[in-house]
Amino acid sequence: MNVAFIQFAPRFGEVRRNLDTAERLALEKAADADLIVLPELFSTGYLFLSRSEAFDLSEPFPGGPTGDSLARIASRLDAAVVGGMAERAGEKVYNSAALVRPDGSFEIYRKSHLFLDEKDYFDRSDGPIRAVDAAGSRIGMMICFDWYFPEVCRVLTVQGARVICHPANLVLPHAPEAMRTRSLENRVFTITANRSGADRRGGRELSFIGMSQVTAPDGTVLTRAPEEGEHVAVVEIDPRAAEDKRITAKNNLLEDRRPELYGDLL
Ligand code: ACM
């Protein structure tokens, strides 16, 4: 299975241009991928200044330009495609990851843990966190700051996810290394598709750290992009490697858990 991330610097509010960039990079550089991951909010940019701005730039999924663009890439490349978008649902607007398969069927995941001002602009998700079948494997989706909450990756692992798709707009420096641990402690592959560049608006600036990467179930980094610029990487993985949850001859990371001791988590 070939998995890919597409790292680039979306321009705030220039949805058509951002979609064209993503489509061009996918068709030119990820043509042999079976699963492609694009950054969080890749079609709108990130630095909203108000909820109404987020609402105005949001779109239904499916049926909006971002969903159509993901579907075009999926069908042209015969790949499953995951990308982050501002999703409108009635009066609500979610920070979501959309997955489209080559046959046009789709899934949506709404970010569970909103970061900083996202809490003012986006609605809080009611879930679910749910692994899905795509690209011949079992896939989980989480979005950016969800990495800070190991429960997300763990629950997807318990549901059988072998490959975790992680659209991101990372601003804190820790996630690329932390995702190696998410990978190791769950024995899963992870694909972090982060954006690069900066959003500058309303006297504010947010810079994003790039460093998109693919990690393996033993925690190794299979490939990592630089901090700046446009980068597409395609990496061959064998998702069956994520089925082996043995740690030692006498330890298995799922079977050795002690949920009866974890009551305070709930
Ligand atoms: C983030 O969750 N976009 C930092």
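Within the set LEU19, LEU116, LEU47, LEU41, the sole residue that is within 18 Å of ASP199 (Cα to Cα), open to solvent by 60 Å² or more (accessible area, probe 1.4 Å) and at pLDDT 95 or above turns out to be LEU116. If you go through region 156-173 and keep only what is within 13 Å of the ligand (Cβ to nearest atom), assigned to a loop (DSSP other than H, G, I, E, B) and either at pLDDT 95 or above or among the β-branched types (Val, Ile, Thr) (or both), you end up with ASN169, LEU170, VAL171.
Only strands (runs of 3 or more DSSP E) whose full extent lies in region 212-263 are considered here, and the ones with at least 1 residues that are over 17 Å from the mean Cα position of the chain (by Cα) and acidic (Asp, Glu) are 231-236. Scanning region 142-152 for residues that are under 20 Å from LEU41 (Cα atoms) and not in a loop (DSSP other than H, G, I, E, B) returns CYS144, PHE145, ASP146, TRP147, TYR148, VAL152.
Considered as a group, the residues in region 89-107 that are open to solvent by less than 10 Å² (accessible area, probe 1.4 Å) and not hydroxyl-bearing (Ser, Thr, Tyr) include one that is farthest from the ligand (Cβ to nearest atom), and that residue is VAL100.
Might you let me know whether region 238-248 holds any residue that is among the basic types (Lys, Arg), without any contact (Cβ under 8 Å) to a residue 40 or more places away in the chain and in contact with a His (Cβ under 9 Å, 6 or more places away or on another chain)? No, the conditions are met nowhere in region 238-248.
Which residues, counting only those in region 193-207, are open to solvent by 10 Å² or more (accessible area, probe 1.4 Å), of a type outside the set (Lys, Arg) and part of a strand (DSSP E or B)?
ALA198, GLU205, LEU206, SER207
Residues of region 145-155 that are open to solvent by 10 Å² or more (accessible area, probe 1.4 Å) and either touching a residue at least 40 places away in the same chain (Cβ under 8 Å) or within 16 Å of the ligand (Cβ to nearest atom) (or both): PHE145, TRP147, TYR148, PHE149, PRO150, GLU151.
Yes or no: GLY127 at pLDDT 95 or above and either open to solvent by 10 Å² or more (accessible area, probe 1.4 Å) or not in a loop (DSSP other than H, G, I, E, B) (or both)?
Values: at pLDDT 95 or above: no; either open to solvent by 10 Å² or more (accessible area, probe 1.4 Å) or not in a loop (DSSP other than H, G, I, E, B) (or both): yes.
Judged against the criteria, GLY127 is not a match.
Scanning region 160-192 for residues that are open to solvent by less than 10 Å² (accessible area, probe 1.4 Å) and small (Gly, Ala, Ser) gives ALA161, ALA168, ALA175, SER183.
Small (Gly, Ala, Ser) and away from the ligand (no atom under 16 Å from the Cβ): is that true of ALA86 in this structure? Against the criterion (small (Gly, Ala, Ser) and away from the ligand (no atom under 16 Å from the Cβ)), ALA86 does not qualify. Would you point out the residue of region 220-266, among those that are of a type in the set (Val, Ile, Thr) and farther than 30 Å from LEU25 by Cβ, that is surrounded by the fewest Cβ atoms within 10 Å (Cβ to Cβ)? Residue satisfying both the conditions and the ranking: THR248.
The values are calculated or read from the model by the stated rules, or taken from the named source; none is laboratory data. Note that the structure is a prediction, hence the values are computed from the model and not measured. Reconstructed Cβ throughout: ideal geometry from the backbone, glycine too, with neighbour counts over all protein chains shown. What goes into the accessible areas is simple: the full protein's heavy atoms, side chains included, and nothing from ligands, DNA or RNA. Shrake-Rupley method; radii C 1.70, N 1.55, O 1.52, S 1.80 Å.
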